[in-house]
């Protein structure tokens, strides 16, 4: 066995270090940094050809007992098993509310308005916009979490904007006696223009019928410089429970069979063409792809793909 040789240099280093040892041992600890709480960004921006697309997080909240909303026709055992396989709890979910704003270069187009005026205007400000800059507000459908921010006690939130929505959707709610629609949208009827499947909001923005979640629910395809992206709104409302099991019934789908058929058709097309999409209730920033998986689809959130668009 070889005994380590103590050189003059190592001896001097050891001797020099010793006086500091007691000080290190008795040095008072600094107070711990204050807990800051969970946080996440409120907007995400990327290029799509000549467009600039920004998703806006106007709210997020935990929801208990998610099978009261998703998978109404699934057994508790199947619901729990699918949740466990995807590393999420079966007894609580997280919901996100994500309008999208698109700068086409000539118009600023806002898709849906969140739950309240103060929420959408606050996030718009964080993203660098003011409500008076919005040229077009597109309402994908008339559920409260999509129309809530369009008007409030002070009147219309987007004073300079024309409003676009599906004709079938608007016709249904005009006769539905819905308090939210009657308070928020009906007073703005003179600012609304209507479209059907294939109708154009602006150059490069085309409506796609996605009925079922509501009677005239619309999705939209963005196309610019050979790049495409779909805004699917509430076609699927959860990245696991609605996409991997498109036949699972969702409480808020007004026509559950039609909604399931629409999920299969829309996301089947997006998967086949490898087109990214923004889902209103997908985990923020709400942008991803789908690929076929069994009888449904696997959600693949974007990583840096959109950053490569310039």
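Bear in mind that the values in this text are calculations on the coordinates, not laboratory data. Computed from a predicted model, the values in this text were never measured in an experiment. No Cβ is skipped: glycine too gets one built from the backbone with ideal geometry, and neighbour counts run over all protein chains shown.
Miscellaneous remarks
- Paramagnetic reach from residue 309 in the range 50-94 [backbone N under 17 Å; point 7 Å along Cα→Cβ]: 50-57
- Neighbour counts of other Cβ atoms within 10 Å put 181, 211, 267, 194 in the fewest-to-most order 194, 181, 211, 267.
- The length gained by stretching the chain between residue 186 and residue 171 to full extension, at 0.36 nm per residue less their Cα-Cα distance, is 4.3 nm.
- On the beta carbon distance between residue 63 and residue 160, with R0 = 41 Å, the FRET formula returns roughly 0.70.
- Extension gain for the segment residue 272 to residue 193, taken as residue separation times 0.36 nm less the Cα-Cα distance, is 25.2 nm to one decimal.
- The C-alpha atoms of the chain define a longest principal axis, and helix 8-17 lies at about 60 degrees to it.
- Listed options for Cα extents along the principal axes in Å are [x] 60, 43, 36; [y] 67, 52, 42; [z] 93, 48, 40. The value calculated from this structure is the one marked [z].
- Going from the residue with the fewest nearby Cβ atoms within 10 Å to the one with the most, 196, 112 rank 196, 112.
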